[in-house]
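Heads up, the thing below is written out as structure tokens.
The values are calculated or read from the model by the stated rules, or taken from the named source; none is laboratory data. All values reported here derive from a predicted model rather than from experimental measurement. Cβ placement follows ideal geometry from the backbone for every residue including glycine, while neighbour counts extend to all protein chains displayed.
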Amino acid sequence: MAAFFKAFLPMLALVIITIFIYNVLKVYVLENIKVNKWIPLIAALVVLFIPQLAWPGLRNSYLYYVQTCIFLIFFLWFMDIVGFTKNSSSNRNNNNKNSTIIRSKAKPERVNKNKDIEVINNNKKKKKKK
């Protein structure tokens, strides 16, 4: 049971720290960067596989936790861009586009140019003063 907590507690701490760092980065940095949706996924895969191929003994080091944290940040960014989360940046952009309604401008000169068209006047009759 002690071995379980020895392995589980660092993992839990890593996930909490990673989500906190991602949310801070998302608010201040990642929403301002406009990239193709595949770039964060490719970066995440590079961060995941290249260090393990180059340095196989990295598993016992603290750099393994840093690598995992960076991988999770890139992967969460990809998930946010694609739209798998509720409050993703792609959903916010779509809502702004749909809320804009283009209305045509009234053109009163058309009535004055066409004399053949009857125009209904809405002038109210004035009452006579006594």
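Could you pull out the residue among ARG59, ARG92 that is at pLDDT below 75, over 16 Å from the mean Cα position of the chain (by Cα) and in a helix (DSSP H, G or I)?
Only one candidate qualifies: ARG59.
Every residue, every condition in (1) in contact (Cβ under 8 Å) with a residue 24 or more places away in the chain; (2) not small (Gly, Ala, Ser), yes or no:
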{"site": "LEU25", "(1), (2)": "yes, yes"}
{"site": "TYR28", "(1), (2)": "no, yes"}
{"site": "LYS34", "(1), (2)": "no, yes"}
{"site": "ALA43", "(1), (2)": "yes, no"}
{"site": "VAL46", "(1), (2)": "no, yes"}
{"site": "ILE50", "(1), (2)": "no, yes"}
{"site": "LEU53", "(1), (2)": "no, yes"}
{"site": "TYR62", "(1), (2)": "no, yes"}
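Taking the criterion of being part of a helix (DSSP H, G or I) and surrounded by fewer than 12 Cβ atoms within 10 Å (Cβ to Cβ), would at least one residue in the stretch 63-75 satisfy it?
Taking the stretch 63-75 and keeping what is part of a helix (DSSP H, G or I), we get 63-75.
If we keep only those that are surrounded by fewer than 12 Cβ atoms within 10 Å (Cβ to Cβ) as well, we get none.
No, the stretch 63-75 has no match at all.
Can you tell me which of VAL35, VAL46 is loosely packed, with under 14 Cβ neighbours inside 10 Å, part of a loop (DSSP other than H, G, I, E, B) and modelled with pLDDT of 75 or more?
Numbers: VAL46 fails: part of a loop (DSSP other than H, G, I, E, B).
One residue alone meets the criteria, VAL35.
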Could you check how many residues of the stretch 1-32 are under 12 Å from the mean Cα position of the chain (by Cα) and either outside any helix (DSSP H, G or I) or on the phi > 0 side of the Ramachandran plot (or both)? 2
